[in-house]
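Student: Attaching a single structure in structure tokens format; questions to follow.
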Amino acid sequence: MIATAFDVEAIRKEFPILHQQVNGKPLVYFDNAATSQKPKSVIDALSAYYNHDNSNIHRGIHTLAERATASFELTREKVRDFINAGEAEEIIFTKGTTEGINLVASSFGRKFIKEGDEIIISALEHHSNIVPWQLLCEEKGCVLKVIPINKKGEIIFEEYLTLLSEKTKLVSVNHVSNSLGTINPVEEIIAAAHQAGAKVLIDGAQAAPHLDIDVQQLNCDFYVLSAHKVYGPTGTGVLFGKREVLEMMPPYQGGGEMIKEVHFSGTTFNDIPYKFEAGTPNIGEVIAFKEALEFVDRVGKENIAAYEDELLKYATDLLQDVEGFIPVGTADKKASVISFLIDGIHPFDLGQLLDAKGIAVRTGHHCTQPLMDFYEIEGTVRASFSIYNTKQEIKYFVESLKSIIKMLK
Ligand code: PMP
């Protein structure tokens, strides 16, 4: 059994934030899809950087600058390994998933997408994988097509195939839906897009904490993720791009670091990845992100996936007993996210009353308003589980839900 592969209590000890009372009750943190908590090794690395090594990278020859640069580049290599990219130069540091998508829209989109071309997304997307494409379509006169989903919250693959044509320049879909937890068949989506001659971006914000990612096996052209959802710091993320695609793309932002030489007569640009990393990056956070990925290695991606799946099944079973429980999103393949409604009770009220019991869940549209439109609802309550959550917490959550419902009815 998975439970024997690691000790949840030992893992919990690595997360200082979990050991506190909220509203007089032990904190139960079920808002992991929004951001995960950070192990002490990440917090310590951030503090060590500012205590000992703080310095600007790549430009200095003094010892601190060399130390900071070396640590920063070690994270790049660690990320390469984490997603199994072929080369560290294919890893670009960004502010997060949102910036990664905007970078591709601005750079690849502006250069390679023309009037009448088509971009395909799905009905499951986060706003950050919708709005950049809407902006590009407005600017360029290209067309945004949306893969429909069924009521379970799964992409209808045959419909996707009918949308693909020689007009399709880019397909941009998430690996895992943040609102419903649906795991999308990205390998098949990518293969079909390539057959049509389109490039593919995978939004891996929700996959990175749960699934083993191999960008070479997936064969995607771009893969984006946020450090803060994988036990790492905020304000830091990754854009993976295939070397040959990144090299064809113009810079995203102009400034220091991304240039080779600047003269008023003209400027030449740096090689990848630096061409896309203008300005001073989030140095300490990038350095600390390495610790987060090492934490994942220590626990083991397979153990994480198996344990979270166990939590998901346990919670799904217990919730069937809750009066008025309406699940939203019941895909066959799901990550550890449960979106739901309770008949006759506003999600916001539930969220507040759960908070009073120390339970942190998310309520609202989860930055997926078009998906909420599909279900003809304004929002849901979302409980999302991580490696440090326990069955006891889930039991307490379900009992709390029952007592709130009793009180309100
Ligand atoms: N895509 C998905 C699927 C997400 O879950 C999120 C974060 N909720 C984002 C994109 C945006 O990530 P960030 O805010 O870290 O840029």
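The values are calculated or read from the model by the stated rules, or taken from the named source; none is laboratory data. Just so it is clear, the structure is predicted and the values come from calculations on it, not from any experiment. When we count neighbours, we look across all protein chains shown, and the Cβ atoms used for this are built from the backbone with ideal geometry, even at glycine.
Student: Is at least one residue of segment 317-333 within 29 Å of Phe15 (Cβ to Cβ) and assigned by TED's automatic domain parsing to the domain that holds Asp212?
Tutor: The answer is no; no qualifying residue exists.
Student: In addition: Out of curiosity, is Leu353 of a type outside the set (Gly, Ala, Ser), assigned to a helix (DSSP H, G or I) and touching a helix residue (DSSP H, G or I) at 6+ places or on another chain (Cβ under 6 Å)?
Tutor: Numbers: of a type outside the set (Gly, Ala, Ser): yes; assigned to a helix (DSSP H, G or I): yes; touching a helix residue (DSSP H, G or I) at 6+ places or on another chain (Cβ under 6 Å): yes.
Yes: the conditions hold for Leu353.
Student: For Arg243, all conditions in the list (1) within 23 Å of the chain's Cα centre (by Cα); (2) exposed (fewer than 15 other Cβ atoms within 10 Å of the Cβ); (3) under 14 Å from Leu103 (Cβ atoms) hold save one; what is the number of the exception?
Tutor: Among (1) within 23 Å of the chain's Cα centre (by Cα); (2) exposed (fewer than 15 other Cβ atoms within 10 Å of the Cβ); (3) under 14 Å from Leu103 (Cβ atoms), Arg243 violates only (3).
Student: Could you check, for segment 225-232, whether at least one of its residues is aromatic (Phe, Trp, Tyr) and touching a strand residue (DSSP E or B) at 6+ places or on another chain (Cβ under 8 Å)?
Tutor: Scanning segment 225-232 turns up no residue that is aromatic (Phe, Trp, Tyr) and touching a strand residue (DSSP E or B) at 6+ places or on another chain (Cβ under 8 Å).
Student: Can you spot a residue in segment 166-180 that is within 11 Å of the ligand (Cβ to nearest atom), of a type in the set (Ser, Thr, Tyr), in contact with a His (Cβ under 7 Å, 6 or more places away or on another chain) and within 20 Å of Ile91 (Cα to Cα)?
Tutor: No, that holds for no residue.
Student: Oh, and also: Does Ile17 satisfy being within 30 Å of Ile359 (Cα to Cα) and either surrounded by fewer than 18 Cβ atoms within 10 Å (Cβ to Cβ) or of a type in the set (A, V, I, L, M, F, W, C) (or both)?
Tutor: The answer is yes for Ile17.
Student: Taking the criterion of being farther than 28 Å from Ala207 by Cβ and at pLDDT 95 or above, would at least one residue in segment 361-380 satisfy it? Break it down stepwise before answering.
Tutor: Applying the first criterion (farther than 28 Å from Ala207 by Cβ) to segment 361-380 yields none.
Taking every residue of segment 361-380 in turn, none turns out to be farther than 28 Å from Ala207 by Cβ and at pLDDT 95 or above.
Student: So if I check each of Phe112, Phe108, which one is buried (at least 20 other Cβ atoms within 10 Å of the Cβ) and of a type outside the set (Asp, Glu)?
Tutor: Going through Phe112, Phe108 in turn, just one is buried (at least 20 other Cβ atoms within 10 Å of the Cβ) and of a type outside the set (Asp, Glu): Phe108.
Student: Looking only at segment 195-230, filter to residues that are of a type in the set (S, T, N, Q) and over 12 Å from the mean Cα position of the chain (by Cα); which one of those is farthest from the ligand (Cβ to nearest atom)?
Tutor: Applying the first criterion (of a type in the set (S, T, N, Q)) to segment 195-230 yields 195, 206, 216-217, 219, 226.
With the extra rule that they be over 12 Å from the mean Cα position of the chain (by Cα), the set shrinks to 195, 216-217, 219.
Numbers: Gln195: 25, Gln216: 22, Gln217: 21, Asn219: 20 Å.
The extreme case among them is Gln195.
Student: Out of Leu354, Leu408, I need the residue that is more than 25 Å from Ser128 (Cβ to Cβ), at pLDDT below 95 and not basic (Lys, Arg). Which one?
Tutor: None of the other options fit; the residue is Leu408.
Student: OK, next. Go through segment 205-310 and tell me which strands (runs of 3 or more DSSP E), entirely inside it, have 2 or more residues that are within 26 Å of Val337 (Cβ to Cβ).
Tutor: It comes to 222-226, 237-241.
Student: Let me confirm something: among Ile149, Ile92, Ile119, which residue is buried (at least 20 other Cβ atoms within 10 Å of the Cβ), in the same structural domain as Val200 (by TED's automatic domain parsing), away from the ligand (no atom under 15 Å from the Cβ) and among the hydrophobic types (A, V, I, L, M, F, W, C)?
Tutor: That would be Ile119, the only listed residue that is buried (at least 20 other Cβ atoms within 10 Å of the Cβ), in the same structural domain as Val200 (by TED's automatic domain parsing), away from the ligand (no atom under 15 Å from the Cβ) and among the hydrophobic types (A, V, I, L, M, F, W, C).
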